[in-house]
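*Asks:* Questions regarding the structure given below will be posed in turn.
The values are calculated or read from the model by the stated rules, or taken from the named source; none is laboratory data. Since this is a predicted model, take the numbers as computed values, not measurements. Note that we place each Cβ from the backbone using ideal geometry, even for glycine, and neighbour counts take in every protein chain shown. The accessibility values were calculated without ligands, DNA or RNA, using every heavy atom of the protein model including side chains. Shrake-Rupley method; radii C 1.70, N 1.55, O 1.52, S 1.80 Å.
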Amino acid sequence: MIVIVSAPARTRGDKLLDGVILCMCATTGVFAIALAPLLFLFRRWRGPDAVARWVLVVFSGAAALQLFSIGYLQHHLPAGYNAAPRVAIPLHPSPQLFFEILGRRVVMQPLGLESSPLAAVSIELIGLLGAVAAVAALRRGAPELRLFLLFAGALLVMGLVHPLGVDWPGMAGPVVSGRYFLVPEYAMAALIVWHVARANRLARRVAASILVMLFVVAVPSHWSYAPLQNRGFAAEAAAFESSPSGTRMVFPLDPTVPAGVWHMTLVRQ
């Protein structure tokens, strides 16, 4: 997104760097599905100089590749691939849960307040205020900000419509499925900065206070990760190394998740 909204590259080296970044980002996730149609709309609105044709080609091709992968390859994997079926459970959606998710995971989480013991009604109100702030920026913000907000909104909708193994009540919690909210969190931070610079006096003061909280409270409190739990990997690895040929052992891949959720099976040769 930063490359797209920046000034166009002038030299061959800059164009090559932009091309590598966009190709890598567009082909390594489903983000291109959300961004490709928005780029066409953005170019139609702002003119042909807003988005280069080669950028449209890259994202159109990447979106087609991702759609093909979702629609075909997950049901017709080549021989040798071992992929578990995608877990789908009832979502239990509701307007109240939507604004609670928006309030806790998009507005409060960037400020380090996602674990605050507020009542659900208060969190829903915070989500509603965040939606109002986004609508105001969509109406009066710079074109680049509008594009970013629409992109973040599209990713949020995609995550809410088809999450992996979690329903809306679970997503309303402070720690589950954080990957779905990363880009919307960036958009919220951009919203705060925009309101500090462009909004009316009252909204500017509120946004400035929130911005101070972001740097004084949220950033320091999230500056480091807690140490991972020691589950005895060194001893298991030593036992595997000294085991006879043909021994099978299961090792956890991620010590932050319950045992047996993500694991690998090794066979001693």
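*Asks:* Would you point out the residue of region 1-24, among those that are touching a helix residue (DSSP H, G or I) at 6+ places or on another chain (Cβ under 7 Å) and farther than 14 Å from residue 148 by Cα, that is modelled with the lowest pLDDT?
*Replies:* Going through region 1-24, the residues touching a helix residue (DSSP H, G or I) at 6+ places or on another chain (Cβ under 7 Å) turn out to be 1, 3-5, 9, 18, 21-23.
Now restrict to residues that are farther than 14 Å from residue 148 by Cα: 9, 18, 21-23.
Numbers: 9: 82, 18: 91, 21: 93, 22: 91, 23: 91.
Within region 1-24, the match that is modelled with the lowest pLDDT is 9.
*Asks:* Tell me which residues, restricted to region 1-20, are crowded, with 17+ Cβ neighbours inside 10 Å and of a type in the set (Asp, Glu).
*Replies:* 18
*Asks:* Can I ask one more? Could you check residue 247 against (1) in contact with a Leu (Cβ under 8 Å, 6 or more places away or on another chain); (2) open to solvent by less than 60 Å² (accessible area, probe 1.4 Å); (3) modelled with pLDDT of 85 or more and say which number it fails?
*Replies:* The number of the failed condition is (1).
*Asks:* Could you list all residues from region 130-160 that are open to solvent by 60 Å² or more (accessible area, probe 1.4 Å), of a type in the set (A, V, I, L, M, F, W, C) and in contact (Cβ under 8 Å) with a residue 24 or more places away in the chain?
*Replies:* Of the residues in region 130-160, the ones open to solvent by 60 Å² or more (accessible area, probe 1.4 Å) are 132, 135, 138-140, 144, 150, 157-158.
From the residues that got through so far, the ones that are of a type in the set (A, V, I, L, M, F, W, C) too are 132, 135, 138, 150, 157-158.
Matches in region 130-160: 150, 158.
*Asks:* Turning to a different aspect of this structure: I need a count of the residues in region 59-76 that are within 21 Å of residue 150 (Cα to Cα), of a type in the set (A, V, I, L, M, F, W, C) and either in contact with an Asp or Glu (Cβ under 9 Å, 6 or more places away or on another chain) or open to solvent by 30 Å² or more (accessible area, probe 1.4 Å) (or both).
*Replies:* The first filter runs over region 59-76 and keeps only residues within 21 Å of residue 150 (Cα to Cα), leaving 59-64, 66-67.
Narrowing further to those that are of a type in the set (A, V, I, L, M, F, W, C): 59, 62-64, 67.
Of the ones still in play, those that are also either in contact with an Asp or Glu (Cβ under 9 Å, 6 or more places away or on another chain) or open to solvent by 30 Å² or more (accessible area, probe 1.4 Å) (or both) are 64, 67.
Result for region 59-76: 2.
*Asks:* What tally of residues in region 171-185 results from selecting those that are surrounded by 16 or more Cβ atoms within 10 Å (Cβ to Cβ) and in a helix (DSSP H, G or I)?
*Replies:* Count: 6.
*Asks:* Follow-up question, since we're still on this one. Under 6 Å between Cβ atoms, at least 6 apart or on separate chains: pull out the pairs that start in region 173-187 with a residue that is touching a residue at least 24 places away in the same chain (Cβ under 8 Å) and under 15 Å from residue 154 (Cβ atoms) and end on any residue that is among the basic types (Lys, Arg) and surrounded by 16 or more Cβ atoms within 10 Å (Cβ to Cβ).
*Replies:* Listed pairs, sorted by first residue: 181/105.
*Asks:* For residues that are aromatic (Phe, Trp, Tyr) and either open to solvent by less than 50 Å² (accessible area, probe 1.4 Å) or within 12 Å of residue 4 (Cα to Cα) (or both), tally how many sit in region 21-51. Can you show your working first?
*Replies:* Step one: list which residues in region 21-51 are aromatic (Phe, Trp, Tyr), which gives 31, 40, 42, 45.
Those still in the list that are either open to solvent by less than 50 Å² (accessible area, probe 1.4 Å) or within 12 Å of residue 4 (Cα to Cα) (or both) too: 42.
Counting residues in region 21-51 that are aromatic (Phe, Trp, Tyr) and either open to solvent by less than 50 Å² (accessible area, probe 1.4 Å) or within 12 Å of residue 4 (Cα to Cα) (or both) gives 1.
*Asks:* Give the residue, chosen from 141, 112, that is more than 19 Å from residue 177 (Cβ to Cβ), at pLDDT below 90 and in contact with a helix residue (DSSP H, G or I) (Cβ under 9 Å, 6 or more places away or on another chain). Spell out how you get there, then give the answer.
*Replies:* Values: 112 fails: more than 19 Å from residue 177 (Cβ to Cβ).
When all the criteria are applied, what remains is 141.
*Asks:* Just to be sure I understand the filter: pairs with C-beta atoms under 8 Å, separated by 6 or more residues or on different chains, first member in region 1-14 and within 21 Å of residue 153 (Cα to Cα), second member open to solvent by 50 Å² or more (accessible area, probe 1.4 Å) and modelled with pLDDT of 85 or more. Which pairs pass?
*Replies:* 3/21; 5/144
*Asks:* Identify all residues within region 88-122 that are assigned to a helix (DSSP H, G or I), in contact (Cβ under 8 Å) with a residue 24 or more places away in the chain and of a type in the set (A, V, I, L, M); write none if there are none.
*Replies:* Passing the criteria: 97, 101, 102, 106, 107, 111, 120.
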